[in-house]
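Notes follow the structure.
The values are calculated or read from the model by the stated rules, or taken from the named source; none is laboratory data. Because the structure is a prediction, the values reported are computed rather than measured. FYI the Cβ positions are ideal-geometry reconstructions off the backbone, even for glycines, and counts take in every protein chain you see. Each accessible area value is taken on the protein alone, full model and side chains, heavy atoms only, with ligands, DNA and RNA left out. Shrake-Rupley method; radii C 1.70, N 1.55, O 1.52, S 1.80 Å.
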Amino acid sequence: MRIGGQAIIEGVLMLGSKASMAVRNKDGEIVLEDLSQDTPIKGKLFKIPIVRGFASLYYSLYFGIKALNRSAELSSGEKFKKSELFWSTLFAIGLAVGLFVLLPMFITSLFQVLKHNEILFAVVEGAFRLFLFVLYVWMISFFPDVKRLFQYHGAEHMAINAYEHGEELSVENVKKYGTIHPRCGTSFIMIFLILSIVILSLVNPLASRNFAWRLLSRILFLPVTAGFSYELLRVSAKNAKLLKVLFYPGLFFQKITTAKPDDSQIEVAIVALKRVLPQASKVEGPEYFG
């Protein structure tokens, strides 16, 4: 089984035979919680190429948001109202749409020469989106809280790397491995942003040139782009030499989104990982983002 995971506030979420999270609370103790006893290990959606990519993205986001909200409570020792969690999540989604969908479209539309060339419009818009995303992540990486989040991201990768190399899961063994993982969600996002430029440049000329269509096309083709990006990520993770060079941007970008963790953070990642390991020696299942 391909185990996946995400960094959360003072902890790590792991997705495998189940969805579980480990968080270090304000007293320094590791709290382990299961978010779900049953992830779609043998779900039919995960057997269909392209479709399985969007399904994996959906489950990763669903459990990711759920774990992020819960980790905020555990790490702070405070109980948040459901309305507070709802509005904070809605604000985060709105901010992402505004920064990485609407703003690039608006900036590109200011150039008169691009308004009547849909292919060039999609290429320039995609380049702006990619630039804004990298710039945003690079800027927030200097914030202390985000830096700790990126350390837990590194711990998650190191633990999964050790597991995939057949190592016994101990702090000393995990420390031998790097913070870069080929199946990382960060790499997926980079592939998605680059591939969206190609897909939208082919689709846009088929419809009218107006803001409403451009926005609608980006929403409609999101599942398709996500599906293709996932398949390419799977190929890349299996060391396909011909395609490896195409994914260097994503691997390089992980140098920003991951940081070297300390032993206590690695310990948290190990606790979360052990919880989701399959009980059987051979279990087929979905390849979650690493």
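When you look at residue 266, is it in a helix (DSSP H, G or I), open to solvent by less than 40 Å² (accessible area, probe 1.4 Å) and modelled with pLDDT of 85 or more, yes or no? Here the answer is yes, as residue 266 does meet what is asked. Restricting attention to segment 6-32 and to residues that are open to solvent by 10 Å² or more (accessible area, probe 1.4 Å) and under 21 Å from the mean Cα position of the chain (by Cα), the residue that is modelled with the lowest pLDDT turns out to be 17.
Among residues of segment 66-112 being open to solvent by less than 70 Å² (accessible area, probe 1.4 Å) and not in a helix (DSSP H, G or I), the one that is nearest to residue 269 (Cα to Cα) is 77. One residue alone among 63, 128, 54, 121 is assigned to a helix (DSSP H, G or I) and either out of contact with any helix residue (DSSP H, G or I) (no Cβ under 9 Å at 6 or more places or on another chain) or β-branched (Val, Ile, Thr) (or both), and that residue is 63. Quick check: anything in segment 172-181 of a type in the set (Ser, Thr, Tyr) and either at pLDDT 90 or above or under 22 Å from residue 271 (Cβ atoms) (or both)? Yes: segment 172-181 contains one or more residues that are of a type in the set (Ser, Thr, Tyr) and either at pLDDT 90 or above or under 22 Å from residue 271 (Cβ atoms) (or both). Just to be sure, is residue 123 in contact with a Ser or Thr (Cβ under 8 Å, 6 or more places away or on another chain) and either of a type in the set (Lys, Arg) or at pLDDT below 95 (or both)? Against the criterion (in contact with a Ser or Thr (Cβ under 8 Å, 6 or more places away or on another chain) and either of a type in the set (Lys, Arg) or at pLDDT below 95 (or both)), residue 123 qualifies.
One line per residue, one yes/no per condition, for (1) part of a helix (DSSP H, G or I); (2) in contact (Cβ under 8 Å) with a residue 12 or more places away in the chain:
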{"residue": "157", "(1), (2)": "yes, yes"}
{"residue": "172", "(1), (2)": "yes, no"}
{"residue": "176", "(1), (2)": "no, yes"}
{"residue": "181", "(1), (2)": "no, yes"}
{"residue": "186", "(1), (2)": "yes, yes"}
{"residue": "192", "(1), (2)": "yes, yes"}
{"residue": "196", "(1), (2)": "yes, yes"}
{"residue": "199", "(1), (2)": "yes, yes"}
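For segment 37-58, the count of residues that are at pLDDT 90 or above and either loosely packed, with under 15 Cβ neighbours inside 10 Å or within 16 Å of residue 276 (Cα to Cα) (or both) is zero.
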